[in-house]
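Below is one structure, written out as structure tokens, with a few remarks after it.
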Amino acid sequence: MALFPCSRLPSGVHCANRRWLLMLCACVLTGLIYFMKGKRLSAISIPSMSLSEVEKRGPAVSVKGLPIKTPWGAPLVWGDSESSARRREEFGNHNVHIGLAILAVGKYNHFLHRLIYTAELHFLLNFYVTYYILTDRPRELDPSPMLGPTRELKVVPVAEMPGWDKLGLRRMALLAAIIGDRIHSEMDYVFCIDADQEFSNAVGAEILGKLTATLHPEFYGKPRYNYPYEEDPDSMAFVADGEGDYYYTSEFYGGLCSEVLALTRACSLLILQDQERSVIPELLEESYLNRYLVNCRPSTVLSPEYSWWDSPETPEVPTPRIHSIGRQCLSTGNVKGDIYAC
């Protein structure tokens, strides 16, 4: 009560005033405590950070414990996250045209119908999508797959390339040619996908970004020294110790046509430079893709949901969305068996 002067009022009034002053004092003390707590919370809140500070802190983690950002601040996409829902809503009213480029030569033609059928069920529904099929066997597409009203299929004949290694070293050049000559003027975005894939759950506008890459499921969550970056310093795909953030799969990547064109042209040039010196990296085009993405970090990184197969080396994911039939076969040793039973 020392905070208030003594009152010379009648005893009844004095008691009432005393009770009132006690209540007022309690309110003031409560307010002071609340104010001090607010100051403390403000002091420990996370401030906006520069890119270098973000990289030091590491990726952000969602409520479910899954990282939702890369160390450099790009979204790390899980299809059922709130950020993915916002992204789909953002693009919901956009008149966007997307190309899906598929290289299918030799035995890989057998996968085409399955890939397109599942894409019609799950891939960017309600968007304008054109399938660009680069194939040496156009008749494999007869009869033509049933497509939705906003979907189209275009066949691009290419020469036969026997052997997986030849295909792996020629694909970047073929993709660069078709994107530069045709897709760039017809589409807003383009995604490149291996023929031996299938869509197993919804893949929507959350994947759209300036440059989108997909995490390789077998190396997701593992230390950097486990990544199979090219180790031969004579190769243009060489990645030195200390370089690189993630290891990406070559089975699904894309983005704005201009960005994917730059990527495929750069990688095809690196491949030609190595071929002139008879240097071949162990993982072929995937090695060059990872070399490029070390220098040009993707603006959108897709989680292993978008490239997954059942294997002791792959992690459990909330919702597998793109399934690799080919790598599933390799993981089970059923390479020569039923391609859909692996």
Suppose we filter Tyr248, Tyr227, Tyr288, Tyr292 for residues that are in contact with a Phe, Trp or Tyr (Cβ under 7 Å, 6 or more places away or on another chain) and of a type outside the set (S, T, N, Q); which single one remains? Tyr227
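Check segment 183-201 and report whether any residue there is over 30 Å from Arg137 (Cα atoms), crowded, with 20+ Cβ neighbours inside 10 Å, hydroxyl-bearing (Ser, Thr, Tyr) and touching a helix residue (DSSP H, G or I) at 6+ places or on another chain (Cβ under 8 Å).
No, the conditions are met nowhere in segment 183-201.
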When you scan segment 234-261, how many residues do you find that are part of a helix (DSSP H, G or I) and either of a type in the set (D, E, K, R) or in contact with a strand residue (DSSP E or B) (Cβ under 6 Å, 6 or more places away or on another chain) (or both)? 3
Answer yes or no: is there a residue in segment 85-103 that is buried (at least 20 other Cβ atoms within 10 Å of the Cβ), closer than 22 Å to Val203 by Cα and charged (D, E, K, R). yes
Filtering segment 203-226 down to residues that are buried (at least 17 other Cβ atoms within 10 Å of the Cβ) and assigned to a loop (DSSP other than H, G, I, E, B), which residue is modelled with the lowest pLDDT? Tyr220
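Give the residues of segment 127-156 that are part of a strand (DSSP E or B) and of a type in the set (A, V, I, L, M), sorted by residue number. Please lay out each step first, then the result.
Quick first cut of segment 127-156, residues part of a strand (DSSP E or B) only: 128-135, 151-156.
Result: Val129, Ile133, Leu134, Leu153, Val155, Val156.
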All-but-one check, Asp80 against (1) under 30 Å from Val294 (Cβ atoms); (2) touching a Leu at 6+ places or on another chain (Cβ under 9 Å); (3) not in a strand (DSSP E or B), failing number (2)
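For segment 178-207, which positions are aliphatic (A, V, I, L, M) and farther than 16 Å from Lys154 by Cα?
Listed by number, the residues that qualify are Ala202, Val203, Ala205, Ile207.
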Are there any pairs with C-beta distances below 7 angstrom linking a residue in segment 68-88 that is among the β-branched types (Val, Ile, Thr) to a residue that is assigned to a helix (DSSP H, G or I), with the two at least 6 apart or on different chains, and if so which? Ile68/Ser83; Val77/Ser84; Val77/Glu206; Val77/Ile207
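One line per residue, one yes/no per condition, for (1) over 17 Å from the mean Cα position of the chain (by Cα); (2) polar (S, T, N, Q); (3) in a loop (DSSP other than H, G, I, E, B); (4) surrounded by 18 or more Cβ atoms within 10 Å (Cβ to Cβ):
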residue	(1), (2), (3), (4)
Leu270	yes, no, no, yes
Pro281	yes, no, yes, yes
Leu289	no, no, no, yes
Glu316	no, no, yes, no
Pro320	no, no, yes, yes
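The values are calculated or read from the model by the stated rules, or taken from the named source; none is laboratory data. Note that this is a predicted model, so its numbers are computed, not measured. Methodologically, a virtual Cβ is constructed for each residue, glycine included, from the backbone with ideal geometry; neighbour enumeration extends over all protein chains shown.
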